[in-house]
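Working notes for the structure below.
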Amino acid sequence: MAKLKGLSAKVEPHYRYKTPHQIYDVKTQASGKSPRKIAEAALKKIAGDLKIKPDLSQLKFDKVRETLLGSHVLYQQYHAGKPISGAWIRVDVDKDGRVFNIHNDLVSEPAMVKARKADTKRATNEDKQLSDGEARALAIEASAPAKGDAIRVVCSDLCYYKCNGVPTLSWKVIVKITPPKSGAKERRPAEWKMFIDAHTGAILDKHNLLRFIDGKGRVFDPNPVVSLNDTSLEDYSKIPDKAYTEVVLRDLKKSGFIEGPYVTTKTTANRIKRKNRDFRFKRTDRAFKEVMVYFHIDRLQRHLQEMGFDNVLNHPIPVNIDGQSDDNSHYSPSDKDLTFGTGGVDDAEDAEIILHEYGHAIQDNQVPGFGQSSEGGAMGEGFGDFLAASFFSDVKPKNMKPTVGNWDATAYSGAEPPYLRRLDSNKQYPKDLRGEVHDDGEIWSACLWELRAALGRATTEKLVIAHHFLLARDSGFEEGANALITADKNLNNGENESAIRDVFVRRGILPNPKRRGKRAGTPFDEIRQGVRQKSNGHGK
Ligand SMILES: [Zn+2]
């Protein structure tokens, strides 16, 4: 263990400069002085150990950050009036004014001597220096934009870059490349940060600040009951290998955690970390559920964007894959995150339950606080069911298409096939209202499902997402139906108005003009006296 002359502490040396890099277990006296004064006094004591000038003239105070641990005092090293990129020192001072830790990335004096020699040589040779414009042009070229990409130079500054440890005068340039929407499937946006030698024009360093990379995953798509068309499977069954699908987990961050542009499992306790980004698990591994939520939410979000909705929940939603032990899941409008339950079949093992819950998040993002009225709450449940059923309809056996949660429901449903809820009920408004949002949601989802049959998947999904923008937090069924008609006028010149009216008039949500405005779902009196029925207890 290396030692310091100026302080009693333990030391990890810097790999290149061999100066102290990490200084910990520091023993100093408590002090009532300001953290900055305390830090400066400590630095003067160890300047010899750090091999920097003892008057600290190369350091420029940056800031003091306050945290639970105390004050963190930051300095950056300068050379010839310009900052040296990545040359920082941080002194950690506890609440009693004791220095307890120091992190050092400063360039040591021997390397600074080399930098000064290089400066002098260039000055005598009168080497020409790249202009700002030349540096920007080189940076754009190095970003390799494709035809049609939007290009923006975010900044260009002269600084020193540590090239093999020696500060070298460089242009730091950041270039943002945004591919056009139509090509978004193939190419990704990039934010290139690069250092260009201010004399030779050589690219000394270049990396994408958007740290996304694909990973490997294994999922149910959407679940084993559907993909094997086997309703005999239950939670304790041995699930055959062919129920699993290997998938690409797109644009993961380099952290090794399951997180990307639209999903993060950061609220999951003890979440999985794999630096090689190989997340091919099976349901016996808890991390399988992290992969499930990532893959299915990410794919649905990209589907929304392909439909043209580029501002609907277009950011990472935190997901806790097993944060409750009952057979239920929820979206929290205050924390804006999802939590899945582990009762019965774990909810995050059924992609239809995942999409249903994500539906709540979508709606809350479009209309913050949506669902204040009980009808609004039912519309939220109906929308989530529609979202899941519509998305997976093409891959489902015929008898399961108008239902959701076929795998989840094996734990509690006696029906064949098992299901959580249906989208093809004959429920009418208002006579079939039961005052329970999931049950009443079947009125709304049945309308959307009928629309899908009449107008097709693409048109209906687009109308359904779009009409949310016209709703308010206390909107109900009738307002929703009218908003769908308005959205259709906007998107399709009203082509589908009669089809939409037909569905909602038959369901009793819009008054019937042929019956002097009476509703198909009358009489009302029975509703007023109606007995509220209990739900099945598996709300979701
Ligand atoms: Zn729900």
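Read-outs throughout are calculated quantities, based only on the coordinates presented, and are distinct from any laboratory measurement. Fair warning: this is a prediction, and the values are worked out from it, not measured in the lab. Glycine gets a Cβ as well: all are built from the backbone with ideal geometry, and neighbour counts include every protein chain shown.
At a glance:
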| quantity | calculated |
| --- | --- |
| Part-to-part distance (alpha-carbon centres) for region 336-398 and region 81-140, which is given in Å | 52 Å |
| Sequence-separation-based contact order of region 8-109, relative, with Cα cut under 8 Å and 6+ spacing, percent | 31 percent |
| Sum of side-chain charges, GLN77 neighbourhood, beta-carbon under 9 Å (Lys, Arg +1; Asp, Glu -1) | 0 |
| Over 30 Å (Cα to Cα) - which of LYS193/LYS266; LYS282/LYS396; LYS10/LYS193; LYS238/LYS396 fall in this group | LYS10/LYS193 |
| Placed amide H near ASN512: partners under 5 Å, 5+ positions off or other chain | GLY517, LYS518, ARG519, ALA520 |
| Largest-first principal axis extents of the Cα set of the chain (Å) | 95, 50, 48 |
| Taking CYS155, CYS163 and counting other C-beta atoms within 10 Å, the order from fewest to most | CYS155, CYS163 |
| Over 25 Å (Cα to Cα) - which of LYS82/LYS114; LYS401/LYS489; LYS95/LYS273 fall in this group | LYS401/LYS489; LYS95/LYS273 |
| Globularity index of region 128-208, i.e. its alpha-carbon radius of gyration over 2.2 N^0.38 Å | 1.16 |
| Region 369-450: proportion of alpha-carbon pairs further apart than 22 angstrom, % | 22 percent |
| ARG452, ARG421, ARG280 arranged by Cβ crowding within 10 Å, fewest neighbours leading | ARG280, ARG452, ARG421 |
| Sequence of ASP394, ASP337, ASP439 once ranked by neighbouring C-beta atoms within 10 Å, starting from the fewest | ASP394, ASP337, ASP439 |
| Over region 369-540, relative contact order from alpha-carbon pairs under 8 Å, at least 6 apart, % | 26 percent |
